[in-house]
Amino acid sequence: PREEEGRKSMAGSSTQPHLVLVPWLGGISHITPLTDIGCLLAAHGAPVTIITTPANAPIVQSRIDSTAAAGTMITVTAIPFPTAVASLPEGAERLDLLHDPVDVPRFFVANKRFGEAVARHCRDPDAMPRRPSCVVAGMCHTWALPLARDLGVPCYIFHGFGAFALLCIEHLYKHRPHDAVASPDELFDVLALPGLECRVSLRQLPPHFLPSTTMGSGPLREIREFDVAVDGVAVNSFEELEHGSASLLAAAAGKKVLCVGPVSLSRSPNLDPEAAMTDDARRCVAWLDGREPKSVVYVSFGSFGGMPPAQLLQLGKALVSCPWPVLWVIKGADSLPDHVKTWLHDNTGDADSSKCLVVRGWAPQVAILDHPSVGGFLTHCGWGSTLEAVAAGVPMATWPLFAEQFLNERLIVDVLGVGVSVGVTKPTENILTASTRADGGKAEEVEAEVGVEQVVKALERLMDQGAEGEERRRKAQALKEKARGALEKGGSSYENLEKLIRSSF
Ligand code: UDP
């Protein structure tokens, strides 16, 4: 109904679509999928403006430049992020660039000021001659709603989560099954999808439900209010993957839920011009070229992806002792203690002959997952990684770290049947939860929860050549085909992109 009001109040304004997309500055993994959605919308003929900050604009622009056909329809606007006003370190224009938990609330203060500047820009016909017809805002840009209302246009939210996790979150807010548990480790059911037992513990829930976070309760409350008030949800996923979660969420939340992905398929990794590949990327592809088909275990924990040194060591010992070649991406390697650095130096390599190739920079993940040598993916279940594995037809071993990743694990393992669980029970600390540790200890002192044997067992199941492994590979392959179909003309995501464009004017 609000959307209707919005449309009515636009009488007399342009009837041309112009979607304004503002990715949340939580990390690269929030910026790139919304940029890719922008590229898909532009490929469907809709003009798009993506608004970000100066430090993030080159990331957005380079993605657009690699989809040449859509590029001409997209404008990238950089609006300064007021770090100084909020006493943030210079250049801290993304949450993942912060190192000190005290900067987290400051980041949210700066983000509000950023929102005011974005609103001024969108309302100024000289700055933005084509009037916006729809705002699609990242999950914490709560200021986008009053802006959209003021412009009289619909407001969509983009969380970066899948529809199944969003449905579980909606269920948790409405039914609060976690209120009845006696301890943070007690398992309870999130009965969001009919017929599916989804068992998680309080500890494993996203920050919305944790007793305290470094964000403070104010931003979390505002984010939920934003979530409830928006007109629709844009999801990087496809309906066939979600087992009805998208329509159940639409019914439960009373708003449109449009799955428009998987966005990783909007660009072909093979189109990456050789010259644009980093040395790391080139090294990965050359190393994979020298391996047998489906023999490699790819290991990555996303764009933040750190784990306590003791845990990293247990994982490393498993990876070097297992019989498969391993491509292992490590983030934050420079800040590891010396004994772990020495161990990595002595046991892993960066040469073509290495059994366990370690990448310390940014790996070309979509190209890696698409490579014929990759047979399995040990993943932290970040939604971007999950969907990229699905789109490439690669089975997963699941090792969730935090946020909604434990919910994604349930989808991968229990609903889709394309993964095996490593069996992690406790989340890994990150900057949002850093101050909430009861013991107040340091990350260096955190003991490993998962031992060598446990990792090796999960990898054995992942790479299993028997009937169980074969069945997982068959399911993964079937999903890969459905993923491609979703974005083709007449496919579910194709149609949802059209709906998103139509609903905006
Ligand atoms: N990614 C990548 N190279 C890396 C690490 C990450 O290309 O070395 C990409 C990955 O392909 C995915 C995103 O970064 O698109 C990570 O998103 P995800 O939602 O999986 O996890 P997050 O980083 O949010 O924890």
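For every residue, the table says whether it meets (1) out of contact with any helix residue (DSSP H, G or I) (no Cβ under 7 Å at 6 or more places or on another chain); (2) away from the ligand (no atom under 16 Å from the Cβ); (3) in a strand (DSSP E or B).
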| residue | (1), (2), (3) |
| --- | --- |
| Cys284 | no, no, no |
| Gly305 | yes, no, no |
| Gly316 | no, yes, no |
| Pro323 | yes, yes, no |
| Val366 | no, no, no |
| Cys381 | no, no, no |
| Ala389 | no, no, no |
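Applying the criterion of being within 16 Å of the ligand (Cβ to nearest atom) and part of a loop (DSSP other than H, G, I, E, B) to the residues of region 325-347, the residue that is modelled with the highest pLDDT is Ile330. Return yes or no: is Pro372 of a type outside the set (Lys, Arg), touching a residue at least 24 places away in the same chain (Cβ under 8 Å), away from the ligand (no atom under 13 Å from the Cβ) and not in a helix (DSSP H, G or I)? So Pro372 fits the description; yes. If you check Leu312 against the conditions, is it within 16 Å of the ligand (Cβ to nearest atom) and buried (at least 19 other Cβ atoms within 10 Å of the Cβ)? Spelling it out, Leu312 is indeed within 16 Å of the ligand (Cβ to nearest atom) and buried (at least 19 other Cβ atoms within 10 Å of the Cβ).
Checked against the criterion of being buried (at least 21 other Cβ atoms within 10 Å of the Cβ) and more than 11 Å from Val296 (Cβ to Cβ), the candidates Thr348, Thr342, Thr386 yield just one match: Thr386.
Here Val85 clears all of (1) assigned to a strand (DSSP E or B); (2) among the β-branched types (Val, Ile, Thr); (3) surrounded by fewer than 18 Cβ atoms within 10 Å (Cβ to Cβ) except the condition numbered (1).
When Leu167, Leu172, Leu147 are checked against the criterion of being touching a strand residue (DSSP E or B) at 6+ places or on another chain (Cβ under 8 Å) and part of a helix (DSSP H, G or I), Leu147 stands alone in meeting it.
In region 461-477, which residues are in contact (Cβ under 8 Å) with a residue 24 or more places away in the chain, of a type outside the set (S, T, N, Q) and part of a helix (DSSP H, G or I)? Within region 461-477, Arg461, Leu462, Gly469, Glu471, Arg472, Arg473, Lys475, Ala476 qualify.
Checking each residue in region 172-205 for being over 22 Å from the mean Cα position of the chain (by Cα) and under 19 Å from Arg224 (Cα atoms) picks out Lys174, His175, Arg176, Pro177, His178, Asp179.
For region 391-424, the candidate set comprises residues that are assigned to a loop (DSSP other than H, G, I, E, B) and over 30 Å from Phe108 (Cβ atoms); within that set, the residue that is nearest to the ligand (Cβ to nearest atom) is Val394. Among all residues of region 191-199, there is none that is touching a Cys at 6+ places or on another chain (Cβ under 9 Å), under 27 Å from Arg149 (Cβ atoms) and surrounded by fewer than 18 Cβ atoms within 10 Å (Cβ to Cβ). Residues that are of a type in the set (A, V, I, L, M, F, W, C), out of contact with any Lys or Arg (no Cβ under 8 Å at 6 or more places or on another chain) and within 11 Å of the ligand (Cβ to nearest atom) within region 355-364 comprise Trp362, Ala363, listed in sequence order.
The values are calculated or read from the model by the stated rules, or taken from the named source; none is laboratory data. All values derive from a computational prediction rather than experimental measurement. Note that each Cβ is placed from the backbone with ideal geometry, even for glycine, and that neighbours are counted across all protein chains shown.
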